[in-house]
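Right, one structure below, let's go through it.
Derivation of every value follows stated rules applied to the coordinates shown; laboratory data play no part. Predicted model, so just to flag it, every value in this text is computed and none were measured. A quick note on method: Cβ atoms are made from the backbone with ideal geometry, for glycine too, and the neighbour counts reach across all protein chains shown.
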Amino acid sequence: MTMISVKITFKNEDVISLLIQGHANQNDYGKDIVCAGVSTIVYGSINAIDKILTKDCVNFELKEGYTFLEVTKNSKELQTMLNMMIIQLKTLEESYPEYIKIK
């Protein structure tokens with residue numbers, strides 16, 4: 001079984017990076033609700049950060065089965081948005097613990 005791995009790095013209590021890798025393989029391609037959920041959470045969060053906050057507050061790389069996000073200009077607002085994303089991912093993990101693991 002494969003799964004999605006989410007690694008969150010903190011400095012003090014602030015999120016400084018997120019690494020998301022893998023595929024859930026919960027269902028066939030196009031029907032995998034766990035992958036779809038993670039993609040929706042991550043892409044929506046990055047789009048919101050990009051539209052609401054300054055464009056230079058995060059660096060990110062998005063590829064199939066891989067997302068890396070790194071904080072470059074920290075703020076309270078950014079931390080709130082990142083924590084909202086983490087809460088959403090944890091909610092998905094609670095429902096599908098065999099397909100997504102947050103470290």
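Over the residues of the chain, the helix contribution to mean residue ellipticity at 222 nm works out to -13500 deg cm²/dmol, using -39500 (n - 2.57) for each DSSP H run of at least 4. In this simple spin-label model, placing a label point 7 Å from the Cα along the Cα-to-Cβ direction at both Lys90 and Asn27 gives a separation of 2.7 nm.
Please work out whether the chain counts as rounded, prolate or oblate from its C-alpha gyration tensor, where a ≥ b ≥ c are the square roots of the eigenvalues and a/c under 1.5 means rounded, while otherwise a/b larger than b/c means prolate and anything else oblate? Cα axes put the chain in the prolate bin. Against the main long axis of the alpha-carbon atoms of the chain, helix 76-95 sits at an angle near 10°. Scalar couplings 3J(HN,Hα) for region 27-35, obtained by applying the Karplus form with A = 6.51, B = -1.76, C = 1.60 to θ = phi - 60°, are 7, 4, 3, x, 10, 7, 6, 6, 4 Hz; x denotes Gly and Pro. Other residues within the sphere of radius under 15 Å centred on the Cβ of Asn59, judged by their own Cβ, net out at -1 (K and R +1, D and E -1). Local charge for Leu78 was computed over the other residues whose Cβ lies under 14 Å away, with Lys and Arg +1 and Asp and Glu -1, and equals -1.
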